[in-house]
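K.L.:
This is the structure I have questions about; it appears just below.
The values are calculated or read from the model by the stated rules, or taken from the named source; none is laboratory data. Treat the numbers as computed from the prediction; the structure is a model and nothing was measured. Glycine gets a Cβ as well: all are built from the backbone with ideal geometry, and neighbour counts include every protein chain shown. With ligands, DNA and RNA removed, areas are computed over all heavy atoms of the protein, side chains included. Shrake-Rupley method; radii C 1.70, N 1.55, O 1.52, S 1.80 Å.
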Amino acid sequence: MLRTSVRFNSASAGPLLKTPLYEAHIALQGKMVPYAGFEMPVLYKGQTHIESHNWVRSKVGLFDVSHMLQHKIKGKDAKSLLQKITPIDLNLLKVNEFSLSVLLNENGGVIDDCIITKHGEDDYYMVTNAGCRAKDIAFIKKEAEQFNSVEHDTFESTLLAIQGPKSQEILQKFTNEDLSKIYFGQSKFAKLSTIGGDVHLARSGYTGEDGFELSIPSSNEVETKESLTFFQELINTYPDVVKPIGLAARDSLRLEAGMCLYGHELTEEITPIQAALTWLIPKTRREGNPGFNGASTILSQIKDKSLLSTRRIGVLSKGPSPRDNNKIFSEDGKTEIGYITSGSPSPTLGGNVAQAYIDKKFKIGSNIKIEIRGKLRDATIAKLPFVQSNLYKP
């Protein structure tokens, strides 16, 4: 079973917050743990970590991600603000399309990763990580002071991820919206049964599987009850297809899919280029004076690969699973060449998968050693992702 003591036992000042779906987690006998200031389910009774993981790869898993921070950024300077603090080109997005991006500090380091959706030329929706809430709000507020017309607000709602190859089939039973016409990277406001208000529906996820993320209004007792009813109906109506899934499987799924976790693969000391996320900087923002934070550092790293000594890459191993900050050595065990950022047993592949920063001189397929519990263990450098994504694209 996935160790949860480090990654999910995040310290929190004050009482833990609860998501709108908290009552359902308790009723389903979820094992609740502190995570980013919230009380969140890591696993549910009657499911092992491996069973939960494999369920998502074959059927439908429900993830409560309401702890994530949701933003609305509006005004005639909204685009200018976002294009200063991220390397995104919002001119390339159509209305109701979204993209992964990163909030950048002045040195090009990653303050947080985020999803930005374009609702209009002056209207954007953004989701950032739960653990970076205070930092992100302070950063955006400070940056917004440089612009005359920007409204930045955060809000809470039920944020529900429906993930797995049968996600469209199941969700379609709860809406008249033709989901087959919504592709990965697109969003829409839609009506769902049991939900009175409009739901923001995005074809997205953090597992590598097809799926949706729904932002469901939950600002009062009536709306919260509606979101609980919808969550419970998904499970109760289709128990052979739909199960609630906790943080443990969410982590191993994203690891297999080669996705980054903030605070592990991404930090304020790591640029998107070092993190093998060069694709986040479109060509249109590599020319002239792009104007985003840390542009000189980032563009220099794109142009001159010799400026990078390490790269984010995959690692495969057997035996004890690699964990955060385990040291990596050359095959002979004499030279330290990198470190593990996150690792887990892989239910899909068997053995272990991990992400790491390793001296770029060491190529895919190279044998290496990982120091685990005081011993050097055999491992191999591998290409990311470990498991190919099954995203719904035209």
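K.L.:
If you build a Gaussian network model of the chain, linking Cα atoms that sit under 10 Å apart, which residue out of Pro244, Pro320, Pro345 swings the most?
P.N.:
Pro320
K.L.:
Report, in whole Å, the centroid distance computed from the Cα atoms of the range 265-329 and the range 20-59.
P.N.:
Between the Cα centres of the range 265-329 and the range 20-59 lies a distance of 32 Å.
K.L.:
Once the principal axes of the Cα atoms of the range 101-158 are found, what is the range along each, listed largest first in whole angstroms?
P.N.:
32, 29, 18
K.L.:
If you work out percent of Cα pairs over 40 Å apart from the coordinates, which of [x] 10; [y] 29; [z] 14 do you get?
P.N.:
Here percent of Cα pairs over 40 Å apart agrees with entry [z].
K.L.:
Hey, what did the range 96-159 get for relative contact order, percent, Cα under 8 Å, at least 6 apart?
P.N.:
21 percent.
K.L.:
Could you give the nm distance between label points at Lys361 and Val95, where each point is 7 Å from its Cα heading toward the beta carbon?
P.N.:
With each label point 7 Å from Cα toward Cβ, the separation is 5.5 nm.
K.L.:
As a test of understanding, state the convex hull volume per residue of the range 66-173 from its alpha carbons, in Å³.
P.N.:
Hull volume normalised by residue count: 120 Å³.
K.L.:
Same structure again: Using only the Cα atoms of the range 142-184, build the gyration tensor, take square roots of its eigenvalues as a ≥ b ≥ c, and label the shape rounded, prolate or oblate: rounded if a/c is under 1.5, else prolate if a/b is larger than b/c, else oblate.
P.N.:
Prolate, since a/c reaches 1.5 and a/b exceeds b/c.
K.L.:
If amide H atoms are built 1.01 Å from N in the plane of the peptide, which residues on other chains or at least 5 residues away come under 5 Å of the amide H of Phe189?
P.N.:
Leu201
K.L.:
How much mean residue ellipticity at 222 nm does the chain get from its helices, if each DSSP H run of length 4 or more adds -39500 (n - 2.57) and you divide by all residues, to the nearest 500 deg cm²/dmol?
P.N.:
-5500 deg cm²/dmol
K.L.:
Can you give the % of DSSP beta bridges in the chain that are antiparallel, to the nearest 5?
P.N.:
95 percent
K.L.:
Rounded to the nearest 0.05, what FRET efficiency is calculated for Gln172 and Ala27 with R0 set to 22 Å and r the Cβ-Cβ distance?
P.N.:
Result of the calculation: an efficiency of 0.25.
K.L.:
Using a Gaussian network model on the chain with a 10 Å cutoff between Cα atoms, which of Gly75, Gly185, Gly108 fluctuates the most?
P.N.:
Comparing Gly75, Gly185, Gly108 in a Gaussian network model of the chain, the most mobile one is Gly75.
K.L.:
Now a separate question. Quick one: which of 227-237, 303-313 comes out on top by average Cβ neighbours within 10 Å, and what's the full order, highest first?
P.N.:
Sorting 227-237, 303-313 by mean packing, highest first, produces 227-237, 303-313.
K.L.:
A further question follows. Per residue, how much accessible area does the range 88-207 show when a 1.4 Å probe rolls over the protein heavy atoms, in square angstrom?
P.N.:
Accessible area per residue, the range 88-207: 42 Å².
K.L.:
In sequence order, what are the phi-derived ³J(HN,Hα) couplings for the range 196-205 according to the Karplus relation 6.51 cos²θ - 1.76 cosθ + 1.60 with θ = phi - 60°, rounded to whole Hz, with x for glycine and proline?
P.N.:
The phi angles translate into x, x, 5, 10, 7, 10, 10, 7, 7, x Hz.
K.L.:
Measuring from label point to label point, each 7 Å out along Cα→Cβ, what is the Lys18 to Thr267 span in nm?
P.N.:
3.6 nm
K.L.:
Taking the convex hull of the alpha carbon atoms in the range 136-244, what volume per residue do you get, in Å³?
P.N.:
Expressed per residue, the convex hull around the Cα atoms of the range 136-244 is 139 Å³.
K.L.:
So what are the ³J(HN,Hα) numbers for the range 366-378, from phi and the Karplus equation (6.51, -1.76, 1.60; θ = phi - 60°), rounded to whole Hz, Gly and Pro as x?
P.N.:
5, 7, 9, 10, 10, 7, 10, 6, x, 10, 8, 10, 6
K.L.:
Starting from the Cα gyration tensor of the range 275-318, take the square roots of the eigenvalues, sort them a ≥ b ≥ c, and report rounded, prolate or oblate (rounded when a/c is under 1.5, otherwise prolate if a/b is larger than b/c, else oblate).
P.N.:
Since a/c reaches 1.5 and a/b is larger than b/c, the shape of the range 275-318 is classed as prolate.
K.L.:
If you count only protein heavy atoms with a 1.4 Å probe, what accessible area per residue comes out for the range 277-394, rounded to a whole Å²?
P.N.:
52 Å²
K.L.:
List the residues whose amide H sits under 5 Å from the amide H of Thr341, counting only those 5 or more places along or on another chain, with H placed 1.01 Å from N in the peptide plane.
P.N.:
Asn325, Gln355, Ala356, Tyr357
K.L.:
Reachable lysines from Lys283, Cα under 19 Å, same-chain residues fewer than 8 places away excluded?
P.N.:
Leaving aside lysines fewer than 8 places away in the same chain, those within reach of Lys283 are Lys79, Lys84, Lys94, Lys303, Lys305.
K.L.:
Now for a different question. Going by a ≥ b ≥ c, the root eigenvalues of the Cα gyration tensor, does the range 229-371 fall in the rounded group (a/c under 1.5), the prolate group (a/b larger than b/c) or the oblate group?
P.N.:
In terms of gyration-tensor shape, oblate.
K.L.:
On full extension of the chain, what length is gained from Ser149 through Glu106, given 0.36 nm per residue of separation minus the C-alpha to C-alpha distance?
P.N.:
13.3 nm
K.L.:
Given the Cα-Cα distance of Leu391 and Lys142 and 0.36 nm per residue of separation, how much length would full extension add, in nm?
P.N.:
Extra length available between Leu391 and Lys142 comes to 86.0 nm.
K.L.:
Next question. For Thr284 and Asp123, calculate 0.36 nm times their separation in residues minus their Cα-Cα distance, and state this gained length in nm to one decimal.
P.N.:
Between Thr284 and Asp123, full extension yields 55.8 nm more.
K.L.:
On to the next question. Put +1 on the Cβ of every Lys and Arg and -1 on every Asp and Glu Cβ in the range 1-153; which of Tyr22, Thr128, Met68 then has its Cα farthest towards the positive end of the dipole?
P.N.:
Tyr22
K.L.:
I would also like to ask the following. Springs between alpha-carbon atoms under 10 Å, Gaussian network over the chain: tell me which of Leu277, Leu159, Leu266 tops the mean-square fluctuations.
P.N.:
Leu277
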